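Q: Let me begin by handing over the structure; questions about it come next.
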Amino acid sequence: MQIVVLSVVIVLGAVLRFWNLGHWSFWIDEVFTVRDAQNLSLNHWQSIPNPIPYLAVKLSIVLAGHSEWGSRLVPCVVGIASIPAVFGLGRTLFNWQVGLLSSAFVACSSWHLFWSQNARYPVFTFLFAVLTVWCFYLSLERDSTLLTIGALACCFCLILSHTLSVVIVPALAAYAIISLLENSNRKRWINVLIFFIPFALPVFALALPEVRGYLFSGWGRNEWQRSPLYIVLTLVEGVSVPIAVAAFFGFVTTLTHRSTRFLFCYAGVPLAFFLIASQFQNVAGYYLFWATPAYFIFAGVVCERVVWRGTGPQSEEKRVVLVPCILVIALLSQTYLYFKIENGGRPKWREAFAAIQTEKRPNDKVVLSEPEMGKYYLPELSPIYIGGLLDDKDGFERQWEDSGRNRLWFVVDVASFNVFDVNENVRSWVRHRGHLVQTFPAFSRAKDRTIHIYLLK
């Protein structure tokens, strides 16, 4: 029965992840990844700190082509593979019922769906994190050197998928200390040293200014308003409020359970680290996407306790079955919005450039906040970064007049403009000088991702 029901869950997850896989336009980070993956070679792969997603996207392009569907094929398959992996982790930590429920929550999650339909790194970190903590937990439970080596290999793959995922190491170290306090036999000590010594050595690299400069580079917290509250709200919104609430109760009702302590270290230590680091460095809530399996498993725990362990009259038992049903319905409702309303959580870049394509002339130019989008979707037109208009509107207009007043297309993506054009000075200038050609509305995850097309001639 476990295999049959799990197969149904996997098929549901696969259908959702392949649905409209090539329908959504690329967004800016995907374009960067696809471009770098296409140019990836043995000559310069060392310059990419997170090679696994780029290698995967390059393989995906080789197998299925350069389209959106082709570039996302391998990440989509990895997203599907993570569903049974969560089942295995949940079954190992608690029982098969918890594993089944948590994998069902992942299959229906619109956040996991979004990253599974992305030519980006997060879904790789999700899978490798699950495999890392699964092997690590079993290695301590069984004092297995083979499982320790497996956990180490998976952890390396996790870090090579996204560098900041290295914060999983102190999380596992915290649980290793707890485990050693419970039982500090010789074999366990050896396995702990095998796992952590390779990560202790690179700490000395922090003495190099180049390494410190790379780790602390970024846009800065103030520009993107990524505060501790932002990080917490991103996680809650991502896994969904019902799952977050259920996870909280799953945690508090199993505090004495060894698996609960393990999951708390797995998800809690990185979250605390990110909340502190957000005061000094740009970090986003979705950087912790790889820690979300703990939330889904805790939600599965509370459902398992009220359904399979519930007692009372038959009517009461029927009511408690509603708890996991409500969670699944809540997740599927967000997935419905993802497909029908939110345009897959992406702006309509491809549609916007297709509108320009129909009316463009050879000497036209396009002004963008993200020039790489223009280079990818409309390479025949010269892209101009909006920065010139931001710095000096009069100078920008003077240069335009000196160049012969060629037609300028302005692609105003609201999400980006809301960051650097808070007072709408630039947008007011564009509206005043040009005329609106077309609007492509898109709203997702509490953000306006609409794109307006203006023509200045």
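The values are calculated or read from the model by the stated rules, or taken from the named source; none is laboratory data. Since we're looking at a predicted model, the values are computed, not measured. Note: ideal-geometry Cβ built from the backbone for every residue, glycine included; neighbour counts use all protein chains shown.
Q: May I ask you to say which residue of His66, His112 is outside any helix (DSSP H, G or I) and under 30 Å from Arg350 (Cα atoms)?
A: His66
Q: Consider Lys375 against the criteria (1) in the same structural domain as Gly22 (by TED's automatic domain parsing); (2) touching a Pro at 6+ places or on another chain (Cβ under 8 Å): it satisfies all of them except one. Which criterion is unmet?
A: In the conditions (1) in the same structural domain as Gly22 (by TED's automatic domain parsing); (2) touching a Pro at 6+ places or on another chain (Cβ under 8 Å), Lys375 misses (1) alone.
Q: Taking the residues in segment 406-457 that are touching a residue at least 40 places away in the same chain (Cβ under 8 Å), of a type in the set (D, E, K, R) and under 30 Å from Ser333 (Cα atoms) as candidates, determine which candidate is surrounded by the most Cβ atoms within 10 Å (Cβ to Cβ).
A: Asp413
Q: Just to verify a result, which residue in segment 436-450, among those that are under 19 Å from Val236 (Cα atoms) and basic (Lys, Arg), is modelled with the lowest pLDDT?
A: Arg445
Q: Moving on. Among the residues of segment 385-396, is any surrounded by 18 or more Cβ atoms within 10 Å (Cβ to Cβ), more than 22 Å from Gln438 (Cβ to Cβ) and not assigned by TED's automatic domain parsing to the domain that holds Trp27?
A: Yes - at least one qualifying residue is present in segment 385-396.
Q: Right, next: Of the conditions (1) out of contact with any Gly (no Cβ under 9 Å at 6 or more places or on another chain); (2) of a type in the set (S, T, N, Q); (3) more than 27 Å from Val34 (Cα to Cα), Asn363 satisfies every one except a single condition; which number is it?
A: Failed condition: (1).
Q: On the basis of being in a helix (DSSP H, G or I), crowded, with 24+ Cβ neighbours inside 10 Å and either assigned by TED's automatic domain parsing to the domain that holds Arg258 or β-branched (Val, Ile, Thr) (or both), does Phe87 make the cut?
A: yes
Q: Quick one: which residue in Ser161, Ser184 is outside any helix (DSSP H, G or I), surrounded by fewer than 20 Cβ atoms within 10 Å (Cβ to Cβ) and polar (S, T, N, Q)?
A: Going through Ser161, Ser184 in turn, just one is outside any helix (DSSP H, G or I), surrounded by fewer than 20 Cβ atoms within 10 Å (Cβ to Cβ) and polar (S, T, N, Q): Ser184.
Q: Quick check: anything in segment 302-319 modelled with pLDDT of 95 or more, assigned by TED's automatic domain parsing to the domain that holds Ser110 and of a type outside the set (Gly, Ala, Ser)?
A: No.
Q: Among the residues of segment 226-241, count how many are surrounded by fewer than 19 Cβ atoms within 10 Å (Cβ to Cβ) and in a helix (DSSP H, G or I).
A: 8
Q: Look at Ser217 and say whether it is loosely packed, with under 14 Cβ neighbours inside 10 Å, modelled with pLDDT of 70 or more, out of contact with any strand residue (DSSP E or B) (no Cβ under 7 Å at 6 or more places or on another chain) and not in a helix (DSSP H, G or I).
A: No: the conditions fail for Ser217.
Q: Show the residue pairs meeting these rules: Cβ distance below 6 Å; 6+ apart or different chains; first residue within segment 3-17 and assigned to a helix (DSSP H, G or I); second residue of a type in the set (Val, Ile, Thr).
A: Ile10/Ile83; Gly13/Ile80; Gly13/Ile83; Ala14/Ile80; Arg17/Ile80
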